[in-house]
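Asker: Attaching a single structure in structure tokens format; questions to follow.
The values are calculated or read from the model by the stated rules, or taken from the named source; none is laboratory data. On a predicted model such as this, the values are computed, not experimentally measured, just so you know. Cβ atoms come from the backbone with ideal geometry, glycine included; neighbour counts cover every protein chain shown. The accessibility values were calculated without ligands, DNA or RNA, using every heavy atom of the protein model including side chains. Shrake-Rupley method; radii C 1.70, N 1.55, O 1.52, S 1.80 Å.
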Amino acid sequence: MKKAASLSFLLVCGLAATLFGDQITLKNGDRVSGKIVMADDKTVLLKTDYAGEIKIDRASITNMVTDQVLNVTLKDAGKVQGKVETTAEGVQVQKTDGTAVTVKPEVVTNLRNDASQKAYEREEERLHHPRLNDFWAGFVSLGIANSSGNSITTTVSTAASATRIAGKNKLSLNFAQLYATQSTTLPHGQTANKVSGGLRIDRDLSKRLFVYGTNGYDYDKFQDLDLRVVVGGGFGDHVWIGKKGYLDVFGGGNWNREKYNKDGVNITRQIAEVVVGQEMGYQALSKLKLYEKLTIFPNMSDGGQYRMNFDATASVPVMKWLELNFGFSDRFISNPVFGNKGNDTIFTTGVRVSFDQNKR
């Protein structure tokens, strides 16, 4: 009795499915009902109430009737809107203005419902006429360390990086901050306090050659550096670009203005610099992301002096958007303000939230 009731229920559901929605008839005689999401020359994506979204080989379809208005793309004839039905003569589109058009099946390149069509048009706009908020990829990281008892210390580090590649143009933004205090020995207070950030714009001239412009800012309390402002540009070469990474080399020139405050005395330097560097990203072991950048700035205003920046990171995904991150930075200056050391290194660990609008 229960089996008969269950069978009757399934038959009623099947009858209801044939009365509502788009209907597809297959070569073996089966009928499938639902809502067509999209179709191309190979497959039809159908959304059903009983099995979710299913893909059907278009070659296995003998008949198709829709009760919803679809966006139909025709070869060399643009787009029409209407309900679709296959007939012996071909594919008939009953347009919204009451007229109908019949074309051969091979002329129909795509079928899309309104939601799918809107998503398609947005993606086309994103690819060919991208907005400023399109194609960004990067991360925001946070590291915190605290100790108490015999030693009382607190360290907070944050970093953010975002890159937008659209066509031949690349825009990169970066920010890093480190703050540390201790209350273990006198004098208590800060042991590190530095902030840096900047942007860079690249433009590809060919498959390998590119030009770039950059603008950077630095503050470091324990180098007595109130502000460093760097503006520059140059040329570069995409030495290697592959599925797992890239290697760029670049060179150019900078104008560097450094303002120090040493024991209440202001010191300002105006410096012309040469720039030589390389940048590499690589994905190893399928999930391990490696990044490294080395830049050397020979001082043209004071021969023999130079700066050097080195950054390296390694990150491993914990979740789809959350990564465990390890970072190392080295900032060297050959002519620090008197009494200060010329080399500062930082090693950080923490987590970072990543994002990538290029993955669809």
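Asker: Using 0.36 nm per residue, how much length does the chain from N215 to M300 gain when fully extended, once their Cα-Cα distance is taken away? It would help to have the intermediate numbers written out before the result.
Answerer: Numbers: separation 85, 0.36 × 85 = 30.60 nm, distance 1.87 nm.
Gain in length upon complete extension: 28.7 nm.
Asker: So what's the back-of-envelope 222 nm ellipticity for the chain, counting only DSSP H runs of four-plus at -39500 (n - 2.57) apiece and dividing by all residues, rounded to 500? Write down the numbers at each step before the final one.
Answerer: Details: 2 runs with 33 residues, N = 360.
Mean residue ellipticity, 222 nm, calculated: -3000 deg cm²/dmol.
Asker: Along Cα→Cβ, 7 Å out, is where each label goes; now give me the distance between the ones at K262 and F235 in nm to one decimal.
Answerer: Here the answer is 3.8 nm between the modelled labels.
Asker: Setting aside same-chain residues fewer than 8 positions from K221, which lysines have a Cα under 26 Å from its Cα?
Answerer: Of all the lysines, those that pass the test against K221 - Cα under 26 Å, at least 8 places apart if same chain - are K194, K259, K262, K293, K341.
Asker: Of all the accessible heavy-atom surface of the chain, with the other protein chains kept in place and a 1.4 Å probe, what percent is carbon and sulfur?
Answerer: On the way: 12920 of 21520 Å².
It is 60 percent, rounded to a whole number.
Asker: Accessible area per residue of the chain at 1.4 Å probe, in Å²? Could the numbers behind the result be given before it?
Answerer: Working: 21520 Å² over 360 residues.
Here the per-residue accessible area is 60 Å².
Asker: For an R0 of 25 angstrom, estimate the FRET efficiency from the Cβ-Cβ distance between N193 and W255 and round to the nearest 0.05.
Answerer: Between N193 and W255 the formula returns 0.45.
Asker: Calculate, axis by axis, the spread of Cα positions in the stretch 317-358 along the three principal axes, and write the results as whole Å, longest axis first.
Answerer: The principal-axis extents, from largest down, are 48, 22, 9 Å.
Asker: What would the Debye equation give as log₁₀ I(q)/I(0) for the stretch 161-269 at q = 0.17 Å⁻¹, counting only Cα atoms as equal point scatterers?
Answerer: Here the Debye-derived log intensity ratios amount to -0.90.
Asker: With the calculation restricted to Cα positions, what are the radius of gyration and Dmax of the stretch 280-326 in angstrom?
Answerer: 16.3, 50
Asker: Where in the stretch 210-299 are there trypsin sites (Lys or Arg not before Pro) that are in a DSSP coil and have at most 16 other Cβ atoms within 10 angstrom of their Cβ? If you can, show how the numbers build up before the last one.
Answerer: Numbers: sites: K221, R228, K243, K244, R257, K259, K262, R269, K287, K289, K293; in loops: K243, K244, K287.
Hits after loop and neighbour filter: K243, K244, K287.
Asker: Considering the alpha-carbon set of the stretch 223-306 alone, what are its Rg and its Dmax in angstrom?
Answerer: 17.2, 53
Asker: Still on this model: Please give the FRET efficiency for A77 paired with R131, using the beta carbon to beta carbon distance and R0 = 41 Å, rounded to the nearest 0.05. Provide the component values of the computation, followed by the final result.
Answerer: Working: r = 29 Å, r/R0 = 0.72.
With R0 = 41 Å, the Cβ-Cβ based efficiency is 0.90.
Asker: How large, in Å, is the stretch 8-164 by the Kirkwood hydrodynamic radius built from its alpha-carbon pairs? Can you show the working numbers first?
Answerer: On the way: mean 1/r = 0.0519 Å⁻¹.
About 19.3 Å for the stretch 8-164.
Asker: Would you mind putting 195-204, 155-164 in packing order, based on average other-beta-carbon counts within 10 Å, highest first?
Answerer: Working: 195-204: 16.4, 155-164: 18.5.
Per-residue Cβ counts within 10 Å, averaged per peptide and sorted highest first, yield 155-164, 195-204.
Asker: For the stretch 23-143, what relative contact order do you get, as a whole percent, if you take Cα pairs closer than 8 Å and at least 6 residues apart?
Answerer: Values: 203 pairs, mean separation 24.7, N = 121.
20 percent.
Asker: For the chain, calculate the relative contact order in percent as a whole number, restricting contacts to Cα pairs under 8 Å that are 6 or more residues apart.
Answerer: Once normalised by length, the contact order is 8 percent.
Asker: For the stretch 41-107, count all C-alpha to C-alpha pairs, find those more than 20 Å apart, and express that count as a whole percent of the total. Each step should come with its number before you reach the end.
Answerer: Details: 648 of 2211 pairs.
In whole percent, the long-distance tail amounts to 29.
Asker: From the protein chains alone at 1.4 Å, what is the descending order of accessible area for V265, V103, V72, largest first? Numbers along the way, then the final one.
Answerer: On the way: V265 85, V103 25, V72 0 Å².
Descending accessible area places them as V265, V103, V72.
Asker: Now, a different point. If each residue of separation counts as 0.36 nm, what is the full-extension length gain between D67 and R208 once their alpha-carbon separation is subtracted? Working shown, then result.
Answerer: On the way: separation 141, 0.36 × 141 = 50.76 nm, distance 5.19 nm.
Full extension from D67 to R208 adds 45.6 nm.
Asker: Among L247, L178, L26, which one shows the highest mean-square fluctuation when the chain is modelled as a Gaussian network with alpha-carbon springs under 10 Å?
Answerer: Greatest mean-square fluctuation among the candidates belongs to L26.
Asker: Here is a further query. Using Cα pairs under 8 angstrom and six or more residues apart, how large is the relative contact order of the stretch 53-118, in percent?
Answerer: Details: 107 pairs, mean separation 19.5, N = 66.
With pairs under 8 Å counted, the relative contact order is 30 percent.
Asker: A follow-up question, please. How far, in nm, would the chain grow between A145 and K55 when pulled straight, counting 0.36 nm per residue and subtracting the alpha carbon separation? Write down the numbers at each step before the final one.
Answerer: Numbers: separation 90, 0.36 × 90 = 32.40 nm, distance 5.07 nm.
Answer, rounded to one decimal: 27.3 nm.
Asker: Oh, and also: In terms of modelled amide H atoms, which long-range or inter-chain residues lie less than 5 Å from the amide H of N335?
Answerer: Result for N335 returns Y306.
Asker: Quote the accessible area belonging to T99 in square angstrom, nearest 10, computed with a 1.4 Å probe and with ligands, DNA and RNA left uncounted.
Answerer: Approximately 70 Å² of T99 is accessible to the 1.4 Å probe.
Asker: With each label point set 7 Å from Cα along the Cα-Cβ vector, what nm distance links F347 and T25?
Answerer: 7.3 nm
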